[in-house]
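Here's the structure, in C-alpha cells; my notes come after.
The values are calculated or read from the model by the stated rules, or taken from the named source; none is laboratory data. Fair warning: this is a prediction, and the values are worked out from it, not measured in the lab. In this analysis, Cβ positions are derived from the backbone assuming ideal geometry, glycine residues included, and neighbour counts consider all displayed protein chains.
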Amino acid sequence: MNFRRYVARRLLIGAGQVLIVATLVFLIVEALPGDAAVALAGDDPDPDRIERIRSMMGLDRSVPERLGEWLWGLPYLDFGVSVVSQRPVAEFLAEGLEPTLVLATLTLLLLVPLSLLLGVVAATREGGLFDRVVTAVSVSLHAIPEFALAILLVALFGVGLRWFPPTAIGVNGDLLSRPAVLVMPLLVLLARPICSISRLVRAGMIDALASGYVRHMSRLGLSTRRVRLAHALPNALAPAVQQIARTVDWLLGGVIVVEAVFVIPGLGTTLVDAVAGRDLPVIQGLAVVFATTTVLVNLVADVVAFRLAPRVGGAG
Amino acid sequence: MRSMLRYSIGGTLVVGPLLLAVTGPWFVPDTLTRGAPFTSGGGHRLGTDFVGRDVWHQVLLGGRALVLIAVISTAMSYLVGIVWALSAAMSRRRWLDEVLMRPLDILLAVPSLLILILVAGIAQRGELTLVLIVALINLPEVVRISRAAALEIASRPALEAMRLQGETWWRIAVGYVCRSMLRILAADVGTRLTTSLYLVASASFLGVGVPPDAGDWAVMVDRNRAGLFLTPWGVVVPTLLIMALIVGLNLTFDRVMSTRQEVRW
C-alpha cells in the first residue's frame, strides 16, 4: 500500500474512533440515574429547584439534540460548563494541561533513548551478564503498580533520606522551576514502559542481527557499528515504536497515579477530583481529551512504523 | 538448575502474600481494639493506622478482596472472551465477525485506567462493579488472542475431517477448537492476572470503587500516607506485599511464557 493512502486511511479510522468514543461517553453519562441538575442541587434536592436548574442548563431538551450540540462544540474546544463551579470545562483542561504535558514530554524524552540503549546493548551481548540482569529486572518491574513504587520511593528518598521533596506541594504546577520535585515522579513513570520497550528492542534487534541481510552486510565488509545501527536497528524499531504508542496507555495511568501521590495539579488530578465531585461535563471533556491523545499517538506510531518497515504497517 | 532457581524465587515471592491474603482474615481476633492514630509499638506489632486500628490486623484483612477481585474478573473475562472469540472465528458469516470484533477496537482505544475511573466514578461503589469493570478492560485482549488462536486451529486438517464426518458445529467448536485453544491461552493467563491485580490495586489506591476505610492493602497505602513521618509500617508493609505478589506472579508465569519464545506485553 502506498504511504499517502495508508496515512489517509489511518486518519479516517482515527477520527471515527474519537467520534464514537465521544458519543459513547456522552451516552453513558446520560444513562446514569440523576443528571447534572441533581448533582448541582446537592443538599437541597427540591424537585422544583432541580427542574429550574434543568431548564436553565438546557437539560430538558432531547438527548439527540444535546448530543449533537455537544459533538458540534468539540472541534471548537467547547466542552460545556462545569456543574460544580460553573466555569467552562475548557478552562479546567487548559489549567491541568501544563504539568501533565511537562511530565509526559520529559518521560518520553528520557524513555526513548534509554530503552533503545538498554535494548541494543542487551541484544549485542545476548546471554551475557548485562543481558541477563536487564531481562530479570524488566520482568520483575514491569507489572509493579506505579503507586507502590511511588510510595516506596517517597518513604525511602523523601522521608527517610530526605534527598528529594516528598511531594510537589508549594510548586503550584510550575514543575520546571524546581527540578528536584520531578526526579521521583519521572522515575516512577519511566519504570514500567522502559522495561517493556527495552525488551522489545532487544528481541527485535536479536532477530535482525540473526537475519540474512545483516550477515550479508557484514560479508560486504561494512563495519559492525554501521551494520548494527544503520541496518539492523531500523528494522528492530518498528515493533518498538508501536509498543511506545501502547505505553501511552500506561503513561496516562501512571500520570494519574503519580499526580495523586506527588500532589501535582495536572489533568489526572482534575479527573480524580471531577469523579469525586460527580462533575460530569468535566469528566466527559477529559475522556474526550484522553481518548483523542491515545488515538493520535497510535496513529503517529503506526505511520512511523510504516515508514521504518513498510511490510509491518501494510499488513494492518 | 537455573530454571529451578527462578521458579523458586518467583514462587516464594508469591506464596507469602498469597497465603496471607487468603488465610489472613481467619487470624484476626473478633474484638478489635482501637488506639491513637499513627502510633508505633504499644501492644500493636506494626503500630496503628490513620484511625487507630492495628496495622497488623489490617494487613491480615486487606489482601483477600484484592486477590479475589483480580482472580474473579480474570476468570470472567476468559469466560466471556472465549465464547465471544469462538462465535467470531467459527462463524461462516463474515459480517458477524466484523460486528463482534469492531466494538472491541474502540474499547482498546480508551486507556484502561480511564475506563476504570470513568465507570467506577459514575456506577455504584462495590466489589461487583470493580470485578465487572476489570473484566471489561481485559476483554478486548482476551478476545483478540483467543480469536487468533481459534482461527489458526480452525484451519487445521483435523477440523476439515470432522466437518466431512458431519460433526455438529457445537462439537467441533467446543470439543475440539476450544480445548486446543486452552493450551495456547494458558501462556497468557499470567499477563491477564497481573494486569487485573495492577488495575484493582491502582483503583483502590485512587479511592475508586471502594469505601474509604476499606480493609484493603492498596487503600491502606493511600490512607496511611499522611502518617508516613510518624510510623512507616502502615504504608510500607502493604506496599511490599502488593509488590511481592505481582513480581512473584510475573516471574513464575515468565517461566511458562519463555518456552514460547515470544515477547508480548
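Quick notes on this one:
- Residue check for A:T292: assigned to a helix (DSSP H, G or I), touching a residue at least 40 places away in the same chain (Cβ under 8 Å), surrounded by fewer than 20 Cβ atoms within 10 Å (Cβ to Cβ) and among the hydroxyl-bearing types (S, T, Y): yes
- Residue check for A:L153: without any contact (Cβ under 8 Å) to a residue 60 or more places away in the chain and either out of contact with any Ser or Thr (no Cβ under 9 Å at 6 or more places or on another chain) or loosely packed, with under 15 Cβ neighbours inside 10 Å (or both): yes
- Residues that are polar (S, T, N, Q), within 14 Å of another protein chain (Cβ to nearest Cβ) and not in a helix (DSSP H, G or I), drawn from segment B:114-159: B:Q124
- Those helices (runs of 4 or more DSSP H) of segment B:17-110 in which 3 or more residues are of a type in the set (K, R) are absent.
- Pairs, first within 7 Å of chain A (Cβ to nearest Cβ) in segment B:243-255, second part of a helix (DSSP H, G or I) and β-branched (V, I, T), C-beta under 8 Å, six or more apart: B:I246/B:T194; B:N250/A:V139; B:N250/B:T194; B:L251/A:V139; B:L251/B:I9; B:D254/A:V139
- Subset tally (residues that are more than 10 Å from chain B (Cβ to nearest Cβ) and of a type outside the set (S, T, Y)) for segment A:260-276: 7
- Any chance A:R132 is at pLDDT 80 or above and within 13 Å of chain B (Cβ to nearest Cβ): yes
- Residue satisfying all of: in segment B:209-222; surrounded by fewer than 24 Cβ atoms within 10 Å (Cβ to Cβ) and more than 15 Å from B:W56 (Cα to Cα); farthest from the other protein chains (Cβ to nearest Cβ) among these: B:D213
- A single entry from A:L280, A:L251 fulfils the requirement of being touching a residue at least 12 places away in the same chain (Cβ under 8 Å), under 21 Å from A:L24 (Cα atoms) and at the interface with chain B (Cβ under 10 Å from one of its Cβ atoms): A:L280.
- One residue stands out in segment B:8-33 among those that are surrounded by 11 or more Cβ atoms within 10 Å (Cβ to Cβ) and more than 21 Å from the chain's Cα centre (by Cα): the one that is farthest from B:G190 (Cα to Cα), namely B:T33.
- Qualifying residue in segment A:159-166 (condition: of a type in the set (A, V, I, L, M), within 23 Å of the chain's Cα centre (by Cα) and surrounded by fewer than 21 Cβ atoms within 10 Å (Cβ to Cβ)): no
- Some residue of segment A:254-269 being in contact with a Leu (Cβ under 9 Å, 6 or more places away or on another chain), surrounded by 18 or more Cβ atoms within 10 Å (Cβ to Cβ), in a helix (DSSP H, G or I) and hydroxyl-bearing (S, T, Y): no
- The helices (runs of 4 or more DSSP H) falling completely within segment A:1-103 that include 2 or more residues that are at pLDDT 80 or above and not basic (K, R) map to A:3-31, A:63-73.
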